[in-house]
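Asks: Could you have a look at this structure, given as C-alpha cells, before my questions?
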Amino acid sequence: MAGQRVFPLSCVVQHYAWGKMGSSSEVARLLASNDPLAQIAEDKPYAELWMGTHPRGDAKILDNDISQKTLGQWIAENQDCLGSKVKDTFDGKLPFLFKVLSVETALSIQAHPNKELAEKLHLQAPQHYPDANHKPEMAIALTSFQGLCGFRPVEEILTFLKKVPEFQFLIGDAASTQLRQSTSIDAQAVASALRNCFSQLMKSEKKVVVEQLNLLVKRVSQQVSAGNNMEDICGELLLQLHQQYPGDIGCLAIYFLNLLTLKPGEAMFLEANVPHAYVKGDCVECMACSDNTVRAGLTPKFIDVPTLCEMLSYTPTPSKDRLFLPTQSQEDPYLFIYDPPVPDFTIMKMEVPGSVSEYKVLALDSASILLMVEGTVTASTPTAQAAISLQRGGVLFIGANESVSLKLTVPKDLLMFRACCLL
C-alpha cells in the first residue's frame, strides 16, 4: 500500500487516579464502542485517551502494511505528510497532542509557562520541567464540564472576602484593603493588588490553612445539613474539593478563579500564565507538545508556589469572557472551527445530520487526527486501496492534503472532532 497516508490508529489510555471509573468514563465508553472485545475494568480509572506521538503514549498504526510502527516512527520517516509549513515550523514533528479526558476528581490548580519561561524553568529544574516548550491547551466539553479558569472580577472576590471570614483571615487586612482601593485607581493597581492577595493565600502556613479550612467546611456542612443554600459562597464545590483534597490550599482558590460549567460543544482556551483547574466532566482537549505544568494545589504532584505566583496573568475577567467561541466554516455548513491564537493547533468540530449520505472531510495543508464521537461510516481516499470502517471511538490519521470521503453506513447523526495545525 505504497503512499498510504490515511489510516486508523490505536490510541493510548492513561489510568490516572483522578479519572472516572470504568464505564462511567467517556474514555472507556469510546474504547468499548470502537472495540466490542475491549474489557473495561469497573474498578479502574479511565482518565485520558492520547491521540498523537507523545513518547509516553505514541499511537499505534492499525494498517496491515505499516502496523509494526507507531505514529511517531512513521511520521519521522514520512515528514512530508505533516504539510510543508508544519514540517518546517515544527522540525518535522506533529506539534500537538489530542486527547479525551474524563475527570472525576479535580485536577490541580495550575498554569503553563510561555516559551521564554519554559526555557528558563527547563534549564533550572529539568526534573520538574522536562522540556523548553510552551503548553497552551483548549478543552471542548463532551458532557457538562466544570472547570476553574482565570481570575474573577474583583467585585466578586471582594464579596467573598466579606462573606467568608476564613478566606479574609488568610488574605489579611492589608492585602484586602489594597485590593478594595485598587478598583478606583487603574488596571495596573488592580493586577498588583490581586497578585498580592493571591500570593498571601498561596504562601500561607500549612497549619493555619488547615485550621481555617476546617472551620469553613464545618460551618458550610452544618448550614447545608440544615437545608440552607450555600451557593453564594460556592458551598457545594468547596465541600467536594475538600473531600477530595482535605486541608489543601487549592480549595480556597475557588474564591479567586472563575467557575465555568461548559455545555457540550462549549470551549475554554488556556493560554500561557492563566490559572486553571479541571473540576469534573468529559472533554476533548488539544495541547502543544509539552509536559510543563506549574502547580500550586489540588494535586499530589510537585508544587511550585513561588513560580506560579510570579508568572500568573493577574487580569480579572467575567466568566462569560473565558468561553472560547468557534467560527462556522464558510465552505461547510456542518463544520465549526476553534482556532486559538497559537500556531500549534486548531480543533474542528463536525456535526453532520444522518440525512446526509456522504460527507467530504476538508483537505488541509496539515496532518490531522480525527475522532469519531458519534456515528458509523466507511472512509475512502484516493490513496487507500480499501475503505476504512470507522465507528464511535474510532480514530483516523489524515496526512496533509488528503481528501477523505465518509459514507454513512447508518443514517444517524455524526459528531467528529479533528485536531490539525493551520499555519
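The values are calculated or read from the model by the stated rules, or taken from the named source; none is laboratory data. Note that this is a predicted model, so its numbers are computed, not measured. Using ideal geometry, Cβ is built from the backbone for each residue, glycine included, and neighbour counts are taken over all protein chains shown. Side chains are part of the model used for accessible areas, which takes the heavy atoms of the whole protein and leaves out ligands, DNA and RNA. Shrake-Rupley method; radii C 1.70, N 1.55, O 1.52, S 1.80 Å.
Asks: Between the range 80-142 and the range 278-300, what is the C-alpha centre distance in whole Å?
Replies: Here the two parts' Cα centres lie 10 Å apart.
Asks: Projecting each Cα onto the charge dipole of the chain (Lys/Arg +1, Asp/Glu -1 at the beta carbon, about the Cα centre), which of Ala367, Thr293, Cys420 comes out farthest on the positive side?
Replies: So the residue we want is Thr293.
Asks: Could you tell me which residue out of Thr177, Ser355, Phe324 lies farthest along the dipole of the chain toward its positive end? Charges go on the beta carbon: Lys and Arg +1, Asp and Glu -1, centred on the Cα centre.
Replies: Thr177
Asks: Please report the spacing between the Cα centers of the range 158-234 and the range 1-68 in Å, no decimals.
Replies: When both Cα centres are located, 42 Å separates them.
Asks: Applying a 10 Å radius around every beta-carbon, put 362-372, 308-318, 340-350 in order of their mean neighbour count, most first.
Replies: Numbers: 362-372: 22.7, 308-318: 17.6, 340-350: 20.2.
Top of the packing list down: 362-372, 340-350, 308-318.
Asks: How many nm is it between the label spots at Thr143 and Val356, if each spot is 7 Å from the Cα in line with the beta carbon?
Replies: 2.7
Asks: With a point put 7 Å past each Cα toward its Cβ, work out how far Ser403 is from Gln223 in nm, to one decimal.
Replies: The two pseudo-label positions are separated by 6.2 nm.
Asks: Applying a 10 Å radius around every beta-carbon, put 327-333, 263-269 in order of their mean neighbour count, most first. Intermediate results must be reported in sequence, preceding the final value.
Replies: Numbers: 327-333: 10.6, 263-269: 18.0.
Averaged packing, sorted descending, gives the order 263-269, 327-333.
Asks: Can I ask one more? Going Cα to Cα from Lys206, which aspartates and glutamates come in below 15 Å? Please leave out same-chain ones fewer than 8 positions away.
Replies: Glu166, Asp248, Asp304
Asks: Tell me, what % of the accessible area of the chain is carbon and sulfur with a 1.4 angstrom probe? Write down the numbers at each step before the final one.
Replies: Numbers: 9240 of 18030 Å².
C and S fraction of accessible area: 51 percent.
Asks: I've got another one for you. Determine the relative contact order of the chain: mean sequence separation of Cα pairs under 8 Å and six or more apart, normalised by residue count, in whole percent.
Replies: Result for the chain is 23 percent.
Asks: Translational diffusion coefficient, Stokes-Einstein: compute it for the range 102-324 using the Kirkwood radius over C-alpha pairs as Rh, at 25 °C and 0.890 mPa s, and state it as an integer in µm² s⁻¹. Working shown, then result.
Replies: Values: Rh = 17.9 Å.
For the chosen part, D equals 137 µm²/s.
Asks: Ranked from highest to lowest mean number of other Cβ atoms within 10 Å per residue, what is the order of the peptides 151-163, 103-115, 119-131, 33-45? Present the calculation step by step, with values, prior to reporting the outcome.
Replies: Numbers: 151-163: 17.2, 103-115: 22.5, 119-131: 14.7, 33-45: 12.3.
Going by the mean number of other Cβ atoms within 10 Å, highest first, we get 103-115, 151-163, 119-131, 33-45.
Asks: Let me ask something else. Taking the Cβ-Cβ separation of Leu423 and Thr159 as r and a Förster radius of 41 Å, what is the calculated FRET efficiency to the nearest 0.05? Don't skip to the end; give the middle numbers.
Replies: Values: r = 44 Å, r/R0 = 1.07.
About 0.40, to the nearest 0.05.
Asks: Now a separate question. Based on the Cβ-Cβ distance from Tyr16 to Asn214, what FRET efficiency comes out when R0 is 25 Å, to the nearest 0.05? Before the final figure, lay out the partial values.
Replies: On the way: r = 28 Å, r/R0 = 1.12.
Efficiency, rounded to the nearest 0.05: 0.35.
Asks: Cross-link candidates for Lys349: which lysines have Cα within less than 22 Å, leaving aside residues fewer than 8 places away along the same chain?
Replies: In chain and number order, the partners are Lys99, Lys135, Lys263, Lys280, Lys320, Lys360, Lys407, Lys412.
Asks: Rank Ala111, Ala125, Ser204 by how far each Cα sits towards the positive end of the charge dipole of the range 102-324 (+1 on Lys, Arg Cβ; -1 on Asp, Glu Cβ) and give me just the farthest.
Replies: Selected residue: Ser204.
Asks: By how many nm would the segment from Thr315 to Ser389 grow when fully extended, if each residue of separation counts as 0.36 nm and the alpha-carbon distance is taken off?
Replies: Working: separation 74, 0.36 × 74 = 26.64 nm, distance 4.75 nm.
Separation in residues times 0.36 nm, less the Cα-Cα distance, equals 21.9 nm.
Asks: Can you work out the FRET efficiency for the pair Lys93 and Glu236, with r the C-beta to C-beta distance and R0 = 51 Å, to the nearest 0.05?
Replies: So, using R0 = 51 Å, E works out to roughly 0.75.
Asks: Between Glu331 and Gln243, with labels modelled 7 Å along Cα→Cβ, what's the label distance in nm to one decimal, could you check?
Replies: Placing both labels 7 Å beyond Cα along the Cβ direction yields 4.9 nm.
Asks: Over its Cα atoms, what ratio of radius of gyration to 2.2 N^0.38 Å does the range 286-423 give?
Replies: On the way: Rg = 19.0 Å, N = 138, 2.2 N^0.38 = 14.3 Å.
In units of the 2.2 N^0.38 Å rule of thumb, it is 1.33.
Asks: Subtract the Cα-Cα distance of Ala76 and Arg180 from 0.36 nm times their separation in residues, and report this length gain in nm to one decimal.
Replies: Working: separation 104, 0.36 × 104 = 37.44 nm, distance 5.54 nm.
Residue separation times 0.36 nm, minus the Cα-Cα distance, leaves 31.9 nm.
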